[in-house]
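So the structure is just underneath, and the comments pick up after that.
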Amino acid sequence: TTDIRFIWNYAGNCITNQHGDINKTDEILNSKSDEDLFIVGWDTVMNDSLRYSDIILPDAMRCEQYNLYTQGYTEYYIGLKLGTPAQEAPGECRSSYDVCTELAKRFGVEKEFTEGRTHDEWVK
């Protein structure tokens, strides 16, 4: 049993992919010994970690929204590139900014969170 009650697994596939004891993690999460644990999984594609989610949110891919890119090593900001949308996000996919803005709105702090800017305005 654990004191953890909520996991928000965003774009990570880290529950059973990126550590040394995935079999133990699988055993714990499948044991149903802790029914108070709630997991939200949020990613662009179905992955192994999402199998454990109580809710799965479809994320918009980076190529479906304005985004900033580095050369791949974020500790060395030699330059940034602006990525523009190649297509609209399909179905119910939403950007992380849009989802977090909606959560902020429901918590009554939308104005503080967005500072009056849209996702695209923040990127620009």
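The values are calculated or read from the model by the stated rules, or taken from the named source; none is laboratory data. None of these values were measured; they are calculated from a predicted model. Calculation scope for accessible area: heavy atoms of the full protein, side chains included, ligands and nucleic acids excluded. Shrake-Rupley method; radii C 1.70, N 1.55, O 1.52, S 1.80 Å.
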note = Check: C-alpha center the range 77-121 vs C-alpha center the range 9-65, spacing in Å is 22 Å
note = Computed ³J(HN,Hα) along the range 97-110: with the Karplus parameters 6.51/-1.76/1.60, θ = phi - 60°, integer Hz and x for glycine or proline, the list is 4, 5, 5, 5, 5, 5, 5, 4, 4, 5, 8, x, 10, 4
request  = List, in order, the whole-Hz ³J(HN,Hα) value for each residue of the range 8-17 obtained from phi through the Karplus relation with A = 6.51, B = -1.76, C = 1.60 and θ = phi - 60°; use x for Gly and Pro.
outcome  = 10, 9, 9, 6, x, 6, 9, 5, 9, 9
request  = Using a 10 angstrom cutoff on alpha carbons, build the Gaussian network for the chain and name the most mobile of Ile39, Ile28, Ile56.
outcome  = Ile28
task = Name the residues whose placed amide hydrogens come within less than 5 Å of the amide hydrogen of Gly83, ignoring near sequence neighbours (fewer than 5 apart) on the same chain.
result = Asn67, Leu68, Tyr69
query = Taking H as built 1.01 Å from N, whose amide H comes closer than 5 Å to the amide H of Ile39, not counting residues under 5 places away?
reply = Ile7, Asp54, Ile55
message = Out of the total accessible area of the range 1-62 (probe 1.4 Å, heavy atoms of protein only), what percent is carbon and sulfur?
response = 52 percent
remark   = Extension length gain for Thr84 and Ile28 (0.36 nm per residue less Cα distance), in nm, is 16.0 nm
For Cys63, solvent-accessible area (1.4 Å; no DNA, RNA or ligand), Å² = 60 Å²
ask   = Ordered by residue, what ³J(HN,Hα) values in Hz, to whole numbers, does the range 48-55 give under the Karplus form 6.51 cos²θ - 1.76 cosθ + 1.60, where θ = phi - 60° and Gly and Pro are x?
value = 4, 5, 5, 4, 8, 6, 7, 9
request  = Give the accessible surface of the chain per residue, rounded to a whole number of Å², with probe radius 1.4 Å and ligands, DNA and RNA excluded.
outcome  = 72 Å²
task = Read through the labelled values (i) 51, 35, 26; (ii) 47, 36, 30; (iii) 45, 34, 25 and report the label of the one computed as Cα extents along the principal axes in Å from the structure.
result = (ii)
